[in-house]
Amino acid sequence: QAKADGRGVYRFYEPDMNKRLQRRRTLETELRAANLDEQFYLVFQPIIDLDANKVTTFEALLRWRHPVHGEVSPDEFIPIAEDTGAIVPLGEWVLRQVCLELKSLPESICIAANLSPMQFKRDDIVETVARVLVETDTPAHRLELEITETLLLEDNRKLHVDLKRLRKLGSRISLDDFGTGYSSLSYLQRFAFDKVKIDRLFIKDIAKSADQAAIVQTIVNLAFTLGMTTVVEGVETEEQLRIIRAMGCDEAQGHLFSKPIPSDAIVGYLAEHERKRTAA
Ligand code: C2E
Ligand code: MG
Ligand code: MG
Ligand code: MG
């Protein structure tokens, strides 16, 4: 039924909303029924150390190819997986795939996996990570864990303890999408993070916007003071790269270096990056 809105604008929202709800319900069901190995796969995006111009890490990004609906974006299916609890088996699947992938990469390369806040709602997140590391015989220092800032809203003791225990295992912890959530700078200090990933929102117009530049510089300085490494996300142009390098950022990730690539393209990417680096 249409809303009685004077301008009649809202009239169009209802059928749209129905369609969206329907798609959501369909995806919910499909997600529950999906054979993970058949429908899900990871792509990998390099993260570059700006001093050495070397690849240090790849971020693993989850993809869903549904036999009927085709590619579904993580921005659409991750929230559904979080709401339905499907993120728990899916998240463990990601960890395992990442550990298996590490076996075919040079020892100096790490992979970062994204952890959902929902995975921390469970009591056994630390045990799950530890178990996957043991089962796949993976040294913990080659696995990095990225946690989005929104999680910190639930500023509780359990989270604090979980993060500490994860670090104790030997994995580095990154605070993802920094600047987009609600957490204050004091969170950076309270929680023990190794890295801060500055959201691409702050990089987009950094060449034109003095405000954006000031924000990024402030985060970089603060992270440095607290002994954390900074990673800038969404670097797309040489100009952005020049600016963040001058600011003292440690690492960068973005389309300028590479879009996320399939597993079988990683070794080739590393060789090509190394060739360019030594030729430069
Ligand atoms: P994120 O963890 O912040 O990952 C970075 C996102 O930025 C990725 O989007 C990546 O493709 C995109 N990106 C990287 N460089 C650039 C650039 O230069 N320009 C632009 N425009 N975009 C760039 P993607 O792969 O679509 O993933 C979206 C989000 O979905 C991720 O954001 C993460 O929050 C979530 N996600 C992805 N995989 C997983 C997963 O395995 N588990 C969980 N819990 N979340 C995941
Ligand atoms: Mg991430
Ligand atoms: Mg991010
Ligand atoms: Mg993001």
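The values are calculated or read from the model by the stated rules, or taken from the named source; none is laboratory data. As the structure is a prediction and not an experimental result, all values here were calculated from the model. Neighbour counts are summed over all protein chains in view; Cβ atoms, including those assigned to glycine, are modelled from backbone coordinates with ideal geometry.
Filter region 110-155 down to the residues that are buried (at least 19 other Cβ atoms within 10 Å of the Cβ), away from ligand 4 (no atom under 16 Å from the Cβ) and of a type in the set (V, I, T) and list them by number. The answer is I111, I125, V129, V132, T138.
Scanning region 108-146 for residues that are farther than 14 Å from F58 by Cβ and either touching a Gly at 6+ places or on another chain (Cβ under 6 Å) or in a loop (DSSP other than H, G, I, E, B) (or both) yields S116, Q119, R122, D123, D124, T136, D137, T138, P139, A140, H141. Among the residues of this structure, K195 does not count as one that is of a type in the set (K, R), surrounded by fewer than 21 Cβ atoms within 10 Å (Cβ to Cβ) and within 16 Å of ligand 3 (Cβ to nearest atom). Considering (1) in contact (Cβ under 8 Å) with a residue 24 or more places away in the chain; (2) part of a helix (DSSP H, G or I), the lone condition that I206 does not fulfil carries the number (2). Listed conditions (1) within 16 Å of ligand 3 (Cβ to nearest atom); (2) more than 25 Å from V98 (Cα to Cα) are all met by M228, apart from (2).
Out of curiosity, is D162 touching a residue at least 24 places away in the same chain (Cβ under 8 Å), of a type in the set (D, E) and part of a strand (DSSP E or B)?
On the way: touching a residue at least 24 places away in the same chain (Cβ under 8 Å): yes; of a type in the set (D, E): yes; part of a strand (DSSP E or B): no.
No; evaluated as a whole, the condition is false for this residue.
Taken together, the residues in region 107-129 that are within 16 Å of ligand 3 (Cβ to nearest atom) and among the polar types (S, T, N, Q) amount to 2. For the condition in a loop (DSSP other than H, G, I, E, B) and either in contact with a Lys or Arg (Cβ under 6 Å, 6 or more places away or on another chain) or at pLDDT below 85 (or both), D155 qualifies.
Can you tell me which residue within region 217-237, out of those that are small (G, A, S) and either within 14 Å of ligand 2 (Cβ to nearest atom) or at negative phi (or both), is surrounded by the most Cβ atoms within 10 Å (Cβ to Cβ)?
Pass one, region 217-237, residues small (G, A, S): 223, 227, 234.
Retained after the next criterion (residues that are either within 14 Å of ligand 2 (Cβ to nearest atom) or at negative phi (or both)): 223, 234.
Working: A223: 24, G234: 18.
For region 217-237, the residue satisfying everything is A223.
Is it fair to say D176 is of a type in the set (D, E, K, R) and in contact with a strand residue (DSSP E or B) (Cβ under 8 Å, 6 or more places away or on another chain)?
Details: of a type in the set (D, E, K, R): yes; in contact with a strand residue (DSSP E or B) (Cβ under 8 Å, 6 or more places away or on another chain): yes.
Considered against the rule, which asks whether it is of a type in the set (D, E, K, R) and in contact with a strand residue (DSSP E or B) (Cβ under 8 Å, 6 or more places away or on another chain), D176 comes out as yes.
For region 209-230, the criterion of a residue being within 15 Å of ligand 4 (Cβ to nearest atom) and farther than 26 Å from S171 by Cβ is satisfied by no position.
A207 meets each of the listed conditions (1) within 15 Å of ligand 1 (Cβ to nearest atom); (2) surrounded by 18 or more Cβ atoms within 10 Å (Cβ to Cβ); (3) of a type in the set (G, A, S) apart from (2).
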